[in-house]
Structure formats: C-alpha cells, structure tokens
Amino acid sequence: MGNLLTRGQKIVISKEDDAVLTRLTLELIYHNRDVEAWDIDVFAYMLEENNVVRKKNIVFYNQPVDDHNSFLFTETYQDQLSKSLDINLKKVPDTIHKIAIGISLYKNNEAIKDKLRIQLNCTQNQINSKVFQIEEQMDINEERSLIVGEFYRYKDSWKFGTILLKSNQSLLNSIRNFYNVNII
C-alpha cells in the first residue's frame, strides 16, 4: 500500500545504485466535474547544487521531458483525470541535488464552491509497489500552487521529503521564494 505521508515526513526511496528501485511513477489523481472552470498540473523542478534551475530541466505539460530523459510527463483522461511523472533517478545527473515537485492550479474568473481533493501516488515501476501516497485539499478560489515535496540525495540514497506548502502565488514564484533559486 505504501505510506500515507503528511507534512514534514520523509521516506527513503532507494540507494542511488539500485537500478530497480530508482524507476518510479508519480501520479496525480483528481476529479474535475467542471473542466471549463479549472485545471491542475504537476511539475518537476531540478535544482542544482548552487540553487540554479535550468528551464530545460523543468518538466510539465508543455515540456514533457527534461534534458537528461530522467523525467517524463504524461496525462490520461479516463474515469478520473491522471497526470504522471515517470521518473528514472539513475539518469538524474550528479549536479542535481533536489527535485521539487509542485502542483499548479488554473481557474477561470468565476467563483467555484468546490475544494479540490488531490491524491499523489508514488509507485516503484519494476516491482509494482506503492512507495508513498499523499492526499491533500486545495481551495480553488484561494490557492494557486502547492509545493508537494522533494526528492533529494542524502549520502548514497534518494529520499522524499513532504512539504505541502500552499500559496496564492504562481508555482514558479512559490518555487523561487521557497528554495531561493535562480531560474535560467
């Protein structure tokens, strides 16, 4: 089943040299009864040691793969909407020390009464085992972004730390402010 993570929790994903456990899918699941009123997307920002994020290493719907082919964005529209990041941590270059995962919420100008319930599932692909799950609600009228958490290197392992920072700023501005990064 995997761990249900809350703000501040951390989990070991795998050893850096483990080819099996470093292949993951991070799937964002949500329900949208009014596709004309709002949409949501998941982003990955790859942070270098010196707090630089290169535009070519931001993965999202308009740029579905990074410069190293370590992240791939996909989306499906079936019974429930799903947007995913397929991740190969073995391909992440040594210059990247964190990968921030964020969610951006877009809405038109009308007031919406619903709170958005999102679920983020992380699964290890080759053994089809759920690593963790995050459930969160966003206020569609008040919040525009959510920094979910970050994959990061610690000694010889990859870990994930849950942040769950909501903001009424754009995701790009939230990432800039939280991590004090320079995007080039």
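The values are calculated or read from the model by the stated rules, or taken from the named source; none is laboratory data. Please read all numbers here as calculations on a predicted model, not as lab measurements. Don't worry about glycine lacking a Cβ; one is built from the backbone with ideal geometry, like all the others, and counts go over all protein chains shown. Accessible surface areas use protein heavy atoms only, side chains included; no ligands, DNA or RNA. Shrake-Rupley method; radii C 1.70, N 1.55, O 1.52, S 1.80 Å.
Values computed for the structure shown
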quantity	calculated
Candidate set: segment 79-125, residues that are of a type outside the set (Lys, Arg) and without any contact (Cβ under 8 Å) to a residue 40 or more places away in the chain; chosen: the one farthest from ASP67 (Cα to Cα)	ALA111
Exclusive hit being acidic (Asp, Glu), exposed (fewer than 15 other Cβ atoms within 10 Å of the Cβ) and not in a helix (DSSP H, G or I), set GLU150, GLU142, GLU136	GLU142
Any pair with Cβ under 8 angstrom, 6 or more apart, that starts in segment 159-177 at a residue that is on the phi < 0 side of the Ramachandran plot and at pLDDT 95 or above and ends at one that is open to solvent by less than 30 Å² (accessible area, probe 1.4 Å) and not in a strand (DSSP E or B)	PHE160/LEU5; THR162/LEU5; LEU165/SER174; SER167/SER174; ILE175/VAL181
Test: ASN125 is more than 21 Å from TRP38 (Cα to Cα) and open to solvent by 10 Å² or more (accessible area, probe 1.4 Å)	yes
Yes/no for LEU26 being crowded, with 18+ Cβ neighbours inside 10 Å, part of a strand (DSSP E or B) and out of contact with any Ser or Thr (no Cβ under 6 Å at 6 or more places or on another chain)	yes
So SER84, is it of a type in the set (Gly, Ala, Ser), over 21 Å from ARG54 (Cβ atoms) and buried (at least 17 other Cβ atoms within 10 Å of the Cβ)	yes
Residue in segment 56-78 that is farthest from PHE43 (Cα to Cα), counting only those that are open to solvent by less than 50 Å² (accessible area, probe 1.4 Å) and either touching a residue at least 60 places away in the same chain (Cβ under 8 Å) or assigned to a strand (DSSP E or B) (or both)	PHE71
Single residue of segment 166-184 satisfying the filter (of a type in the set (A, V, I, L, M, F, W, C) and touching a Leu at 6+ places or on another chain (Cβ under 7 Å)) that is least open to solvent (accessible area, probe 1.4 Å)	VAL181
Residue in segment 103-115 that is of a type in the set (D, E, K, R), surrounded by fewer than 17 Cβ atoms within 10 Å (Cβ to Cβ) and at pLDDT 90 or above present	no
